[in-house]
1. Inspect the stretch 133-154 for any residue being near ligand 1 (Cβ under 7 Å from one of its atoms) and in a helix (DSSP H, G or I) and give the result as yes or no.
2. Restricting to the stretch 155-183, name every residue that is within 16 Å of ligand 2 (Cβ to nearest atom) and part of a helix (DSSP H, G or I).
3. What residue, of Glu239, Glu243, is of a type in the set (D, E, K, R) and at pLDDT 95 or above?
4. Name the single residue, out of those in the stretch 367-382 being part of a loop (DSSP other than H, G, I, E, B) and β-branched (Val, Ile, Thr), that is modelled with the lowest pLDDT.
5. Can you name every residue in the stretch 324-342 that is without any contact (Cβ under 8 Å) to a residue 12 or more places away in the chain and surrounded by 13 or more Cβ atoms within 10 Å (Cβ to Cβ)?
6. Just to be sure before I move on: is Tyr166 open to solvent by 30 Å² or more (accessible area, probe 1.4 Å) and modelled with pLDDT under 95 in the structure I sent?
7. If you go through the stretch 184-203 one residue at a time, do you hit one that is within 13 Å of ligand 2 (Cβ to nearest atom) and under 23 Å from Leu300 (Cα atoms)?
8. Take the conditions at pLDDT 90 or above, among the β-branched types (Val, Ile, Thr), open to solvent by less than 50 Å² (accessible area, probe 1.4 Å) and part of a helix (DSSP H, G or I) and apply them to Val356. Does it pass?
Amino acid sequence: MSDQQLQLGMDDALLALRNAWDQALEVLAEHVNKPSFESWIKTAKPVSIDGDLVRITTGSRFAKHWLESKHLQLIKEILETHLGRPLKVRVDLAEDNQDEPVILADKLPAKPNPQPKHDDEPISLPLNSHYSFDNFVVGPTNRLAHACAMAIAENPGKTYNPLFIYGGAGLGKTHLMHAVGQAVSANIPGTRVAYVSGEAFTYHYITSLREHRTAEFRRQYRSIDLWLVDDIHFLIGKERTEEEFFHTYNAIHDMGKQIVLTSDRAPKDLQLDSRLLSRFQAGMLADISPPDLETRMAILQTKAHYENMTLSDDVILYIAKLIRSNIRQLEGALITLHAYASLMKTSVTTSLAEKVLSKHFGESAPVIDAQKVLQEVSIRFHVELTDLKGKCRSKDIVVPRQVAMYLMRRLTDYSLPTIGRAIGGKDHTTVLHSCKKVEERMASDRGFASLITDLSAQIGGTQG
Ligand code: ADP
Ligand code: MG
C-alpha cells in the first residue's frame, strides 16, 4: 500500500471537516447579519483537523477577534454535532496575513517546527469531562451497554474483555467510553488510560511509518493499561493499519489489560480480518439502539438543566416526539432552540419549537428530495431537467437553476456540496452564491418573491 493510500484517512477527516464547516456556514448565515457574514465569516476557512484540534484561519486580525469573541462556541457546537465528537477549535490568522503589524505571543510555537515529535507525547485523545456516568440517562435500549461499562470501570481487565459496544450514530457510545476512562482514572490512580479513535490510531500509525518511528509507536501502545478504541469501523479498507491494529490488540490483550471498542455495527457486519472479528466476538457484545420516548424526555430534561434552560413539559414532549433516533440531534435541537430564543429575545414555546425545528429535524415531515425540487422548478419555469443540471449560462436557465438550488437549501437538509452535486456538479460556493442571488431578488421583487413562496408551498414546504 502506498503512502498516498495510507494518507486517505487524513483526507477523509479533512473532507468531513469541510462538510461540517459548510453546515456551520448555513447556520451562521441565519444568525449573523449579511455584511458581517460576508466580511468576517465567509473569509474564514477550516484548514486542518488533527485529533480533536480544528484550526480555522481568517483573513484579518479583526475577523479573528470577532469570530473568537462572538461565535466560537456556536461554531464548536455545530462542528461537534456534525463530526460527532468533542473538539477544540482554534482560530488563526491565515499565513499570508501574518505580516500584519501585531505581536501575538501565542503565534510563536505555530511556526514550522523542524524538531520531530517525541516519545513523551501522549497517544490518548483528551476525555470530555461532561461524558460521565452521572449524566448518562439509562433506559431499556442502553441498559446492557451501561451495565457492562460500569462493571469494567470498577474492575478493569477482570470481567468482560474486550467490551464491544455497537449501535447507530449519536446513541451514546463515545459518552460511555469516556465515562469508563474517567472512572478508572479516578478509582485506580496511575492507570495508563489511552482513548483513541480508529481515525487517530490510523493517523498515529501513518505518521510513525513516515517518520520511521514504528518501534517507538509499538512501545507506546504496549504500555497501555486501559485501551479505549472508538469507531473501530474507521479501519475498514485500511489494510496495513488494520494489520498493525491486530498486533497491538493482541499484545495489549495478552498482558491482561482491558480493551473497550465501539463501532457503528456488530462485529459480524464489520469487513475486517476474521481473526480480529473472532477476538471481538469472544468478549462481551452490547448493542445500543435508539431510546424510547420516556428516555428521550429524560435526556432532554437532564440536558436542559445542565444548560440552564427552562423548558415546559409540552416543549420537551414536542422535541422528544420529533426526534427519535439520534441523541446528538436531540441535543442539537435544544441548542438551536436556545440560540433562536436568545437571539430573538423570546421564550421557548411549543410554537417556536415547531417553527424552528420542524424544518431541520422532523423525521415525519414529507420527504422532499432533489428530484422533486428539480421537477417542480422545471415545470414552473418551462425548462428541461437536463438544462437545469447543465452548464448553459443563458438567463432563462440560470435563474431557474438558482431557484432550484435555493429551494433545495430551504426545503431539504442537504449540505451545500450535496446540492451542488444534485444540480450537475457545481461546487458549494456556487450554491451559496445562487441562494444569495435569489434572496436578493426576493427582497426587491415582490412578484418574484410570491412565485418562490408559491413554488415552495407546492413542493411541500411552508414558505420560501
Ligand atoms: P455516539 O458515539 O454513539 O455517536 P455520543 O456518545 O457521541 O454518540 O452521544 C451523542 C450525544 O448524546 C453526546 O452529547 C452524549 O452526551 C449524548 N448522549 C448519548 N446518550 C446519552 C444518554 N443515555 N444520556 C445522556 N446523554 C446522552
Ligand atoms: Mg462516537
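1. The answer is no; no qualifying residue exists.
2. Residues of the stretch 155-183 within 16 Å of ligand 2 (Cβ to nearest atom): 163-182.
Across the stretch 155-183, the qualifying residues are Lys173, Thr174, His175, Leu176, Met177, His178, Ala179, Val180, Gly181, Gln182.
3. Glu243
4. The first filter runs over the stretch 367-382 and keeps only residues part of a loop (DSSP other than H, G, I, E, B), leaving 367-369, 382.
Checking the rest, the ones that are also β-branched (Val, Ile, Thr) come to 367-368.
Numbers: Val367: 62, Ile368: 71.
Ranking the qualifying residues of the stretch 367-382, first place goes to Val367.
5. Applying the first criterion (without any contact (Cβ under 8 Å) to a residue 12 or more places away in the chain) to the stretch 324-342 yields 341-342.
Within the stretch 324-342, Ala341 is the sole residue that qualifies.
6. On the way: open to solvent by 30 Å² or more (accessible area, probe 1.4 Å): yes; modelled with pLDDT under 95: no.
For Tyr166, the condition - open to solvent by 30 Å² or more (accessible area, probe 1.4 Å) and modelled with pLDDT under 95 - is not met.
7. Here is the first cut: in the stretch 184-203, the ones within 13 Å of ligand 2 (Cβ to nearest atom) are 195-200.
Pick out the ones that are also under 23 Å from Leu300 (Cα atoms) and you get none.
Within the stretch 184-203, not a single residue is within 13 Å of ligand 2 (Cβ to nearest atom) and under 23 Å from Leu300 (Cα atoms).
8. On the way: at pLDDT 90 or above: no; among the β-branched types (Val, Ile, Thr): yes; open to solvent by less than 50 Å² (accessible area, probe 1.4 Å): yes; part of a helix (DSSP H, G or I): yes.
So Val356 does not fit the description; no.
The values are calculated or read from the model by the stated rules, or taken from the named source; none is laboratory data. Predicted model only: the values in this text are computed from it and were never measured. Methodologically, a virtual Cβ is constructed for each residue, glycine included, from the backbone with ideal geometry; neighbour enumeration extends over all protein chains shown. The protein model used for the area step is the full one, side chains on, heavy atoms only, and it has no ligands, DNA or RNA in it. Shrake-Rupley method; radii C 1.70, N 1.55, O 1.52, S 1.80 Å.
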